[in-house]
Amino acid sequence: MRVTAAQAIVKSLQAEGVEVVFGYPGGVVLPLFDALYEAEGIRVILTRHEQGAAHAADAYARVTGKPGVVIVTSGPGAANTVTGIANAYMDSVPIVVITGQVATHVLGTDAFQETDITGITIPITKHNYLLDDAEDAAQVMAEAFHIATTGRPGPVLIDVPVDVSRGELTFKYPEKVSLPGYKPTVKGHAKQIKEAANLIAKARKPLLYVGGGVLSSDGARELKELAELMQLPVVTTLMGKGAFPEDHHLFVGMPGMHGGKFTNYAITETDLLFGIGVRFDDRVTGKLATFASKAKIVHVDVDPAEIGKNRSVDIPIVGDARTVIAAVTAELRKMGAEPRTEAWMRVIDDWRARYPFHYHQSATSIMPEYAVERVRELTKDRPTVYCTEVGQNQMWACQYLKIREPRTWASSGGLGTMGFGLPAAIGAQLGRPDHLVIDIAGDGSIQMNSQELATAAINNLPVKVVILNNGYLGMVRQWQELFYGKRYSSSTLPQDCPDFVKLAEAYGAFGVRATTPAELDAALTAAFEHPGPAIVDVRVEREENVFPMVAPGGSIDEMLGGIPGGPVSEMLDAEEFVEEVWE
Amino acid sequence: MKHTLSVLVENKPGVLTRVASLFARRGFNIDSLAVGITEDPTLSRMTIVVAADETALEQVTKQLHKLINVIKIQDLDPKDMIDRELVLYKVNAAPERRHEIIEIANVFRAKIVDVGKNSLTIEATGTSDKLAAMEDLLRAYGIKELARTGKIALARGSRDA
């Protein structure tokens, strides 16, 4: 049967099992939206801005494990997705973005709403296509989904000129895609796996350093098995949150700039840092020369280019995280290896007990950390997805929430995109309709995509936005306080502009404000119990800082703020029993 | 240290842009780059000369491999490759000095491809060393214009199975 390329694209989406498309129509993409009209099994979510569509698709992918799909028009529509695409690229999230384009006969003439979106997105996509022949539509769609979802996942963009979308083809969806230049390695090298297992069996102070790769390979179960078998402590990066239950006794927090002191001590002291699906990001490592400098390093990643990029590695293993973890566990079982981390865990537990996250409680004003703690406590018995914006709100969410399940956390890691949280919550809610979805927000970030409240309201998506409203771009202000002599250049926002309660009401959502600790629980509960979307405007202590903190470029065991302690060399000297247990 | 990368890529629009922008984005300088279609019309070969230490080279090679259109990358061993470059020199040549220049060209087995009233255009091929030596001599006469293809290279036959 002959169909148009636009119809073929929609049929391809159906063949891929796509249930939700996020988008925004415009002139040259109308053939596609026309084909979507009444397309069976596909729900089209009209966002209020194309950036919102991209972030929503991104979070949808994070929480479901299925690729997110975005369809927008050419020119400004396509350009507006750029931040969302870059965000998905940095965090290795599979999204497929389909953009309309001007007709082929005017391509390159600066036609109305023309922009070279394939050119623009080369550095921020895993791959992109300009569909120049309708005959290729199904093939290109199949390739795009294959590339986006396999290996190290990432965004793929397909640019479709309007005349091509009207062109015809005989639709047949390829069953298998084979690309000569794309063959991701899944299985790790057997010899390397054996060596890695040997190192684990021998290590006295091993540490699993776990990132987003474990989540994208759906390897949380295998990770838990490995950790429990050998009683290995686990740290998860911001991207890895949820890969290991944060209420588990082997969980040792998040490393890096605003990580736990106990976590950073563990990294500094470990003799075997076993990295899985991580990329030794600068926010994690701080000064590279002192990062895990006493340790042998094993690095498992599906992307060979990440191995040895920032930090030299003793045992590199290229492969899918889940597959490699399972192979290492099998190897350890075969060896009959026994856990030997009891002393190490005692040291870590001691650090954890002495250097927990800490803030000074106030009877009169709401501490932002307290607000996050209350969110945690009020949701602890409910399946909940937590999204965040970017800045202080995000770091407090990292420190004080407890993420227990894989794919229940969506936060902009690599790109640090303010404005991610609300559209992310919308995407997450569509992916997990049975979950409570909360966006921990700041008063700065939320205003970067607050128009998406309309999307939430109209589609009856009951997302809850908890704004830690301090009247500042809080993280900017914190850096200005610490490193720029308290010169708060362009970082002050009026706490009551906009009035977030009225803003919620303007969209037909529920709005409530809490200004004292006594009001907080009632406000949060009212919002969480409300059947539709809600905003909680939490007026928090304005100049609270996120501590502890590694100064930019500093060693991670030398942290500002928090409970005094460190560097780790001093910590160990002070501990006679530590020396004992090592011997 | 200079490396000569022989990169087999799909012969599709935009591939050169992807490769070139990757080098620029990751902070690697390309000394020269030559592209052309191969014996298989669906494939092109890029010969890229890049100055990089081992770590940087490993990173750029891995990043190149991530491009979907890149099929194969060889870091050619200078001792085990054939490399050539083609250069056109337009040299100042008053009629009375033409024969000197022609002699230089002959020594380097280069060809005179155009003669003007006051210039000669010479076509030369060879390794970068040879061409540099020749250019040195021609400079004394004044090089008016110069165009070069960039290096192309292949591994020697003995490397093939």
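The values are calculated or read from the model by the stated rules, or taken from the named source; none is laboratory data. Just so you know, these numbers come straight off a predicted model, no measurement behind them. With ideal geometry, Cβ positions are generated from the backbone for all residues, glycine too; neighbour counts draw on all protein chains shown.
Here are a few things to note about the model shown:
- The set of residues from the stretch A:1-51 being farther than 20 Å from A:V140 by Cβ, buried (at least 18 other Cβ atoms within 10 Å of the Cβ) and among the small types (G, A, S) comprises just one member, A:G26.
- Within the stretch A:172-190, considering residues that are at pLDDT below 95 and under 26 Å from A:T4 (Cβ atoms), the one farthest from the other protein chains (Cβ to nearest Cβ): A:E175
- Under the condition of being of a type in the set (A, V, I, L, M, F, W, C) and more than 15 Å from B:K144 (Cβ to Cβ), the residues counted in the stretch B:113-132 number 3.
- All helices (runs of 4 or more DSSP H) inside the stretch A:1-105 with 3 or more residues being within 30 Å of A:V302 (Cβ to Cβ): A:5-15, A:50-64, A:82-90
- Test result for A:V300, more than 14 Å from chain B (Cβ to nearest Cβ), assigned to a helix (DSSP H, G or I) and touching a strand residue (DSSP E or B) at 6+ places or on another chain (Cβ under 9 Å): no
Condition check ((1) more than 10 Å from chain B (Cβ to nearest Cβ); (2) of a type in the set (V, I, T); (3) closer than 20 Å to B:K62 by Cα) across all residues:
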| position | (1), (2), (3) |
| --- | --- |
| A:I120 | yes, yes, no |
| A:H127 | no, no, yes |
| A:D133 | yes, no, no |
| A:A138 | yes, no, no |
| A:E143 | no, no, no |
| A:L157 | yes, no, no |
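- Odd one out for A:Q101 among (1) over 21 Å from B:V15 (Cα atoms); (2) crowded, with 24+ Cβ neighbours inside 10 Å: (1)
- A:S569 meets all of the listed conditions (1) under 19 Å from A:I446 (Cβ atoms); (2) assigned to a helix (DSSP H, G or I); (3) without any contact (Cβ under 8 Å) to a residue 40 or more places away in the chain; (4) of a type outside the set (K, R) but one, namely (1).
- Restricting attention to the stretch A:407-449, the residues being polar (S, T, N, Q), surrounded by fewer than 24 Cβ atoms within 10 Å (Cβ to Cβ) and over 18 Å from A:V536 (Cα atoms) number 1.
- Residues that are of a type outside the set (D, E, K, R), assigned to a loop (DSSP other than H, G, I, E, B) and under 36 Å from the mean Cα position of the chain (by Cα), drawn from the stretch A:109-120: A:F112, A:Q113, A:T115
- With respect to the conditions (1) surrounded by fewer than 16 Cβ atoms within 10 Å (Cβ to Cβ); (2) under 21 Å from the mean Cα position of the chain (by Cα); (3) more than 21 Å from B:K151 (Cβ to Cβ); (4) of a type in the set (D, E, K, R), B:R97 lacks only one, and its number is (2).
- B:T127 surrounded by 12 or more Cβ atoms within 10 Å (Cβ to Cβ), in the same structural domain as B:A105 (by TED's automatic domain parsing) and in contact (Cβ under 8 Å) with a residue 60 or more places away in the chain: no
- Residue match in the stretch A:452-467 (condition: over 23 Å from A:V512 (Cβ atoms) and at pLDDT 95 or above): no
- Any hit, the stretch A:398-415, residues being closer than 25 Å to A:A506 by Cα and either modelled with pLDDT of 95 or more or among the small types (G, A, S) (or both): no
- Candidates B:K62, B:K72, B:K79 - the one that is surrounded by fewer than 19 Cβ atoms within 10 Å (Cβ to Cβ), modelled with pLDDT under 95 and not β-branched (V, I, T): B:K79
- Within the stretch A:324-365, being in a helix (DSSP H, G or I), out of contact with any Phe, Trp or Tyr (no Cβ under 8 Å at 6 or more places or on another chain) and among the small types (G, A, S) holds for A:A326, A:A327, A:A330, A:A353.
- Pick from the stretch B:1-19, criterion surrounded by fewer than 16 Cβ atoms within 10 Å (Cβ to Cβ) and of a type in the set (A, V, I, L, M), ranking: farthest from the other protein chains (Cβ to nearest Cβ): B:M1
- Checking A:C398 against (1) in a loop (DSSP other than H, G, I, E, B); (2) hydrophobic (A, V, I, L, M, F, W, C); (3) within 28 Å of A:N87 (Cα to Cα), the condition it does not meet: (1)
- Considered as a group, the residues in the stretch B:61-82 that are part of a strand (DSSP E or B) and either over 22 Å from the mean Cα position of the chain (by Cα) or more than 27 Å from A:P153 (Cβ to Cβ) (or both) include one that is farthest from the other protein chains (Cβ to nearest Cβ), and that residue is B:I82.
- In the set (1) part of a loop (DSSP other than H, G, I, E, B); (2) within 28 Å of A:P462 (Cα to Cα); (3) of a type in the set (F, W, Y), A:F547 fails one condition alone, (2).
- Residue in the stretch A:321-332 that is within 14 Å of chain B (Cβ to nearest Cβ) and among the small types (G, A, S) present: no
- Qualifying residue in the stretch B:26-35 (condition: part of a helix (DSSP H, G or I) and either under 28 Å from A:P155 (Cα atoms) or within 12 Å of chain A (Cβ to nearest Cβ) (or both)): no
- Only one of the listed residues (A:A457, A:A425) is touching a Gly at 6+ places or on another chain (Cβ under 6 Å), assigned to a helix (DSSP H, G or I) and among the hydrophobic types (A, V, I, L, M, F, W, C). That residue is A:A457.
- Selected residue [within 21 Å of B:V19 (Cβ to Cβ) and within 14 Å of chain A (Cβ to nearest Cβ)] from B:E85, B:E58: B:E58
- Note on the stretch B:85-135: residues that are part of a strand (DSSP E or B), of a type in the set (D, E) and farther than 27 Å from B:G36 by Cα total 0.
- Residues being farther than 16 Å from A:Q192 by Cβ, in contact (Cβ under 8 Å) with a residue 40 or more places away in the chain and over 26 Å from the mean Cα position of the chain (by Cα) - total across the stretch A:320-337: 2
- The set of residues in the stretch A:72-130 being over 19 Å from A:G23 (Cα atoms), hydrophobic (A, V, I, L, M, F, W, C) and out of contact with any strand residue (DSSP E or B) (no Cβ under 6 Å at 6 or more places or on another chain) consists of A:M90, A:V106, A:L107, A:A111, A:F112, A:I120, A:I122, A:I124.
- Among residues of the stretch A:479-510, those that are more than 19 Å from A:L560 (Cβ to Cβ), outside any loop (DSSP other than H, G, I, E, B) and out of contact with any helix residue (DSSP H, G or I) (no Cβ under 9 Å at 6 or more places or on another chain), counted: 3
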